[in-house]
Amino acid sequence: MTTTQTSMRPQKTAVLVAQRIVADIQRRGKNVGDRLPPERAMLEEYQIGRGTLRESLRFLELQGVIALKPGPGGGPVVQQPDGSGLATALTLLLQFENAPFRTIAESRAGLEPMMAQLAASRMSKEQLAELKFSVEHMGERIGDENEFLEMNKLFHDTIAHGSGNVMFGYLVESLLGMLDGSAMGIDYPEHRRTAVYEAHLSIYEAIAARDPAASAAAMHDHISAYARYAERKFPDLLDTPISWTSH
């Protein structure tokens, strides 16, 4: 089936109803934790059968928009979607294209310097404090690889969200497991962790100084060093096709 044919396929009723439910959640000002109307009221409002409504709700649950609470007093409850659904969708798209891990590594080089550049101008004081914490904690626990990976994720995630661009925030949040390479088997001996810590410190100092050009340059140097390290030590892994089961 061609792309044009796929795009012209009419959407299922359940998806259309799901879209209406989301619009109504926003229109009615419902917040995280609020319950949706009972099933009987929703069947009447949307003029659909029980099977279609339940399919719509299952779809929204998979997207992280609602949680289906069991038992008396349960039912659909509004949730805050996160990047997990996006991560799964992108990973599957890449897998079916037989895209190698190198695809993810290259994406960092294009995206993250821009994020750092924007973060230098837009990052809040609270986010800057969190960025500083991630750098200091990484330096204090440099011998602990698990702590290193956690602080590495926090560092890049904070910069992505601190860029003030919501798309960047969700992209990095959803793909950071692939971006750091650990899921594919790229490890970080202590000398490499020390180099990453020093790079993070330079990036933090540039962002804290509110210097967009220096922030972008420091991030570019950091990502380039990571790419050289991965190319030198793990060339076969870079050519390995991305797989949903490896994350």
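The values are calculated or read from the model by the stated rules, or taken from the named source; none is laboratory data. Since we're looking at a predicted model, the values are computed, not measured. Here Cβ is always computed from backbone atoms with ideal geometry, including for glycine, and neighbour counts include all displayed protein chains.
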- Note on the structure: Checking Pro37, Pro81, Pro100 in turn, the sole residue that is touching a Ser or Thr at 6+ places or on another chain (Cβ under 9 Å) and surrounded by 14 or more Cβ atoms within 10 Å (Cβ to Cβ) turns out to be Pro100
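From the residues in the stretch 16-34 that are of a type in the set (A, V, I, L, M) and surrounded by 14 or more Cβ atoms within 10 Å (Cβ to Cβ), which one is farthest from Gly49 (Cα to Cα)? Show your work before the answer.
Residues of the stretch 16-34 that are of a type in the set (A, V, I, L, M), as a first pass: 16-18, 21-23, 25, 32.
Narrowing the set further to residues that are surrounded by 14 or more Cβ atoms within 10 Å (Cβ to Cβ) leaves 16-18, 21-22, 25.
Working: Leu16: 14, Val17: 11, Ala18: 14, Ile21: 15, Val22: 18, Ile25: 20 Å.
This residue is Ile25.
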- Query: Applying the selection to the stretch 69-83, what residues are more than 13 Å from Gly33 (Cβ to Cβ) and either in contact with an Asp or Glu (Cβ under 8 Å, 6 or more places away or on another chain) or not in a loop (DSSP other than H, G, I, E, B) (or both)?
  - Reply: Asp82, Gly83
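Please verify whether the stretch 113-121 includes one or more residues that are in a helix (DSSP H, G or I) and without any contact (Cβ under 8 Å) to a residue 40 or more places away in the chain. Spell out the reasoning first.
Looking only at the stretch 113-121, we keep the residues that are in a helix (DSSP H, G or I), and these are 113-121.
Those left that are additionally without any contact (Cβ under 8 Å) to a residue 40 or more places away in the chain: none.
No - not one qualifying residue is present in the stretch 113-121.
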- Message: For the stretch 40-64: of the residues being part of a loop (DSSP other than H, G, I, E, B) and in contact with a helix residue (DSSP H, G or I) (Cβ under 9 Å, 6 or more places away or on another chain), which is surrounded by the fewest Cβ atoms within 10 Å (Cβ to Cβ)?
- Response: Gly49
- Query: Mind checking whether some residue in the stretch 139-155 is within 17 Å of Ser215 (Cβ to Cβ) and at pLDDT 95 or above?
  - Reply: yes
